[in-house]
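Just so you know, all these numbers are worked out from the coordinates, no wet-lab data involved. These figures come from a predicted structure and were not determined experimentally. Backbone-built Cβ (ideal geometry, glycine too); neighbour counts: all protein chains shown.
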Amino acid sequence: MTAAGPLAVVSGGTRGIGLALSRRLVRLGHRTVALYRVDEDAARAAAAEHGLIAVRADVAEPGSVRRAAERILAEHGTPHVLVNNAGINIDRPFLDLTASDWQRVLDTNLSGPFHLTQALAPAMLAAGGGSVVNIGATTGIRPRANGVNYAAAKAGLLQLTKCLALELAPTVRVNCLIPGMTETEELITRFRLDDPQRRAAVLSEIPQRRIGSTEDIADALEYLVGPLSGYVTGQKLIVDGGQFMW
Ligand code: NDP
């Protein structure tokens, strides 16, 4: 059963961290639109199981975002919460990175939030309030090798957050939620965490000695979209077990 409260929109909201964020918003009483890119059957199954409204949108394609936004506004109304979560990695050494690897990562992780926020923010402003949360990454602050496209996109997203917070104030708050290592299939594959030795090595670098759960990220989202953060905008909130202390 779907919730009946204010509308929320989560990009990439049908799996991984995005699914946990969508589910939390439903639990908080939000009618929640979860945007998915390709797998319609999987998205519809997740939507049915978790009380979400599945809508197709490729955030890297301005036309796809525009159509989805028009549909959301016409069929479901104005969002009170927008979570720009959709993201991809294509990690390679800089000298091996193709122009397409660069562009796809920038289009999804940085231009995606631009297109989606620009499509929905006018209605949010007109409705008189709301909260935008951009999902960043620690590499957007702390450089790492072999992922310059992802790091540049997430660094850009952090600055986009701050500039938007200025422009949309005082009506809409905009913050950046930055997960550390968070247990998703994508992370396990990318960092080979199903190898116990590799996992132990990673844990030794995290003061809290565990990989974050998607619920840890949902807890922080609950704060950023709720009344307890009513005076917080243009900020980053890092949820990483103390791994990087900026
Ligand atoms: P997953 O790979 O598990 O999920 C990514 C999600 O993004 C999927 O729902 C996917 O949709 C969606 N997506 C990808 N490209 C597009 C696109 N062009 N248009 C619309 N949706 C798209 O990743 P995570 O859950 O691990 O990551 C979620 C976010 O958290 C990302 O922004 C990531 O950078 C960030 N993050 C994750 C960390 C981690 O440890 N897991 C650490 C730091 C940041 P579909 O299924 O349809 O492809």
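Which number in (1) in contact with a Gly (Cβ under 7 Å, 6 or more places away or on another chain); (2) more than 9 Å from the ligand (Cβ to nearest atom); (3) closer than 26 Å to Gly140 by Cβ; (4) not basic (Lys, Arg) marks the one condition that Val26 misses?
Looking at each condition in turn, Val26 falls short on (3).
Could you check how many residues of region 27-46 are closer than 19 Å to Thr184 by Cβ and either among the hydrophobic types (A, V, I, L, M, F, W, C) or surrounded by fewer than 23 Cβ atoms within 10 Å (Cβ to Cβ) (or both)?
9
Working only within region 191-216, note down all residues that are part of a helix (DSSP H, G or I) and more than 8 Å from the ligand (Cβ to nearest atom). Write out each step before concluding.
Filtering region 191-216 down to residues part of a helix (DSSP H, G or I) leaves 196-203, 214-216.
Once the filter is applied, which keeps residues that are part of a helix (DSSP H, G or I) and more than 8 Å from the ligand (Cβ to nearest atom), region 191-216 yields Pro196, Gln197, Arg198, Arg199, Ala200, Ala201, Val202, Leu203, Glu215, Asp216.
Quick one: what pairs do we get from region 175-192, first residue on the phi < 0 side of the Ramachandran plot, second part of a strand (DSSP E or B) and within 6 Å of the ligand (Cβ to nearest atom), C-beta under 6 Å, 6+ apart or different chains?
Listed by first residue and then by second, the contacts come to Leu177/Ile135.
Suppose we keep only residues that are of a type in the set (Ser, Thr, Tyr) and over 16 Å from the mean Cα position of the chain (by Cα) within region 145-190. Which one would you say is farthest from the ligand (Cβ to nearest atom)?
Filtering region 145-190 down to residues of a type in the set (Ser, Thr, Tyr) leaves 150, 161, 171, 182, 184, 189.
Restricting the remaining residues to those that are over 16 Å from the mean Cα position of the chain (by Cα) gives 171, 189.
Numbers: Thr171: 25, Thr189: 9 Å.
The extreme case among them is Thr171.
So which residues in region 61-111 are in contact with a strand residue (DSSP E or B) (Cβ under 9 Å, 6 or more places away or on another chain), away from the ligand (no atom under 12 Å from the Cβ) and not hydroxyl-bearing (Ser, Thr, Tyr), if there are any at all?
If the condition is that a residue be in contact with a strand residue (DSSP E or B) (Cβ under 9 Å, 6 or more places away or on another chain), away from the ligand (no atom under 12 Å from the Cβ) and not hydroxyl-bearing (Ser, Thr, Tyr), then Arg67, Ala69, Arg71, Ile72, Leu73, Glu75, His76, Gly77, Pro79, His80, Val81, Leu82 are the ones that fit.
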